[in-house]
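The values are calculated or read from the model by the stated rules, or taken from the named source; none is laboratory data. The shown structure was predicted, so the numbers you read here are calculated from the model rather than taken from an experiment. Cβ: placed from backbone, ideal geometry, glycine included. Neighbour counts: every protein chain shown. For accessibility, only protein heavy atoms count, side chains too; no ligands or nucleic acids. Shrake-Rupley method; radii C 1.70, N 1.55, O 1.52, S 1.80 Å.
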Amino acid sequence: MHGNGIIDSVAHEQRSEGSLLQGRNRKDVAAIRRTGAAEAGRGGAVGAVGTETGEAAELGVGSWAAVLAPRLAQFTAVARHEHVTRAAQELGVPQPTLSRAIVRLEDDLGVALFARHGRTLSLTPAGRSFLASAERALTDLERATESVRADVDPAAGKVAFGFLHTLGPETVPGLIRSFRADHPRVRFQLVQNYGEAMIERLRAGDLDLCLTSPVPDYPDLVARRLDEQKLRLVVPDDHPLAARKRIRLAEAAGELFVTLEPGYGLRRITDALCAEAGFTPRVAFEGEEAETLRGLVAAGLGVALLPPPAVPRPGVAELTVTAPRAVREIGVAWLDGHPDTPPVAAFKKFLLSRRGRLLPR
């Protein structure tokens, strides 16, 4: 029922660099492989590589993926060269170490992957089948690595940013335009939704930051107030109140209201302001989007408490509410303890610098 708009403002730059030994990460990958080969040469469980970070445990103790992952690059290098010595030179590991690793791989699988011909080797049918799958796995791993490295690139990384529907027409485009004046290559994944839904996306790790209202107060979140927005009583332009410039909200106690659905921040604010004015609003319609409510007011379905529109809408009159003070606070929220990538840190700093001038005046 609640739609999410997800937009990549700049296309992700894809690079195809061939094998794991190519490209700018060659030294890093070679170092990882030497670690894996050293583990194999010592006769230990090759699947133990990476256990300090919990990687093998995540794959499952004794799983084939945990056991084989560090050895796929060794196998593919030998298969490509059909010569252990040349493959060892490419990988930067001792030839005996690599030989033992390949033998141990075959022993673990219970399958002969290579036929030996003196110093050279050739793939068996089983080896050719295994090579195709190994190369796909390594290619997928490289792509995943490049993707996550690209997302944290300070100059061209990604920010997953959520915001309220009412901030979409003007506020958020202006913020992104200003930020990208100094960070032109940063990419945005944008999610437009109501406040509680965005908070759940924060908790799920789908969002880095969100602009929402009211400013949330949860122990697992960090939230900072950035600005406030006046709310107006919107009435049809042929309504008896339409000639007024100002109104006390209590004067609308007898009106039908069109509001957002329960769970939306603006609905909570509307209910709270009406309660402060001494009445419970009679609701004629509950919707999901503020401009839809403004259109229904123009159609004579009721009145509404709404923030100012990006563009004036015909058919309605918008009255200043003098009592109680009718505003909504806009804030930025993020998950407490969640580490920021450089582009997220830069955008967070930018948002906090806009405190008091976030919204168009």
Being open to solvent by 60 Å² or more (accessible area, probe 1.4 Å) and outside any helix (DSSP H, G or I) is the filter; apply it to the range 337-357 and report the residue that is nearest to Arg224 (Cα to Cα). Arg355
Being in a helix (DSSP H, G or I), surrounded by fewer than 19 Cβ atoms within 10 Å (Cβ to Cβ) and aliphatic (A, V, I, L, M), is that true of even one residue in the range 149-168? yes
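Matching residues to (1) farther than 21 Å from Ala310 by Cα; (2) free of Cβ contacts under 8 Å to residues at least 12 places away in the same chain; (3) open to solvent by 20 Å² or more (accessible area, probe 1.4 Å):
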site: Val258; (1), (2), (3): no, no, no
site: Gly265; (1), (2), (3): no, no, no
site: Ala272; (1), (2), (3): yes, yes, yes
site: Gly278; (1), (2), (3): yes, no, yes
site: Arg282; (1), (2), (3): yes, no, yes
site: Glu286; (1), (2), (3): yes, no, yes
site: Arg294; (1), (2), (3): no, no, no
Is at least one residue of the range 71-78 hydrophobic (A, V, I, L, M, F, W, C), in contact with a helix residue (DSSP H, G or I) (Cβ under 8 Å, 6 or more places away or on another chain), more than 22 Å from Thr139 (Cα to Cα) and at pLDDT 85 or above? no
Consider the range 212-235. How many of its residues are within 26 Å of Leu301 (Cα to Cα), more than 21 Å from the chain's Cα centre (by Cα) and open to solvent by less than 10 Å² (accessible area, probe 1.4 Å)? 4
Residues satisfying the stated conditions in the range 307-323, i.e. at negative phi and open to solvent by less than 30 Å² (accessible area, probe 1.4 Å): Pro307, Pro309, Val316, Ala317, Leu319, Val321
Lone qualifier among Ala326, Ala304 - being at pLDDT 95 or above, farther than 28 Å from Leu221 by Cβ and either buried (at least 17 other Cβ atoms within 10 Å of the Cβ) or not hydrophobic (A, V, I, L, M, F, W, C) (or both): Ala304
Give the number of residues within the range 111-141 that are touching a residue at least 24 places away in the same chain (Cβ under 8 Å) and open to solvent by 40 Å² or more (accessible area, probe 1.4 Å). 6
Residue count, the range 169-197, condition touching a residue at least 60 places away in the same chain (Cβ under 8 Å) and either open to solvent by less than 30 Å² (accessible area, probe 1.4 Å) or farther than 18 Å from Ala345 by Cβ (or both), comes to 18
Can you tell me which residue within the range 244-256, out of those that are open to solvent by 30 Å² or more (accessible area, probe 1.4 Å) and either in contact with a strand residue (DSSP E or B) (Cβ under 8 Å, 6 or more places away or on another chain) or among the charged types (D, E, K, R) (or both), is farthest from Arg201 (Cα to Cα)? Arg244
Evaluate the range 259-273: report whether one residue or more is basic (Lys, Arg) and farther than 23 Å from Val191 by Cβ. no
